[in-house]
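Please treat every number below as a calculation from the coordinates, not as lab data. Since the model is a prediction, treat every value here as computed from it, not as a measurement.
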Amino acid sequence: FVQGFHHPCQILSETSRTEADVPGSSPLNEPRRSVYGVRLEKLERDSQWEVQYRWPFPTTSHETALSSKYIRFFPGFYSSDQHLPGTFRQHIGVPDDMWPKQWKNL
């Protein structure tokens with residue numbers, strides 16, 4: 001994967017190995033994290049995060065083993081709980097005179 005970028009990935013499997021089983025992957029004082037088989041996807045070319053981005057693999061996807069410390073979950077657009085059908089949303093009005101004068105002009 002490309003250091004410093006978050007790539008879309010699909011978890012293919014959980015391996016029986018941990019980071020401690022992979023040479024040079026984890027110092028002894030760190031917890032033993034699981035290693036997963038993943039398929040990394042190249043970032044789209046029109047991405048706004050493309051600064052100095054170089055995909056080192058010959059195809060647009062690459063299967064590899066990654067430690068759980070490198071895997072992060074990001075919810076997709078409009079997929080968090082606040083966007084579920086039937087979710088209660090209500091504007092909470094607060095009177096202006098409730099706030100100290102010093103806070104109002106920051």
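Numbers below:
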read-out	value
Amide proton proximity set for Thr15, modelled H, under 5 Å, gap of 5+	Val35, Tyr36, Gly37
Interatomic Cα distance distribution for the stretch 52-106, bins of 5 angstrom, percent	4, 10, 9, 10, 11, 9, 12, 10, 8, 7, 7, 4, 0
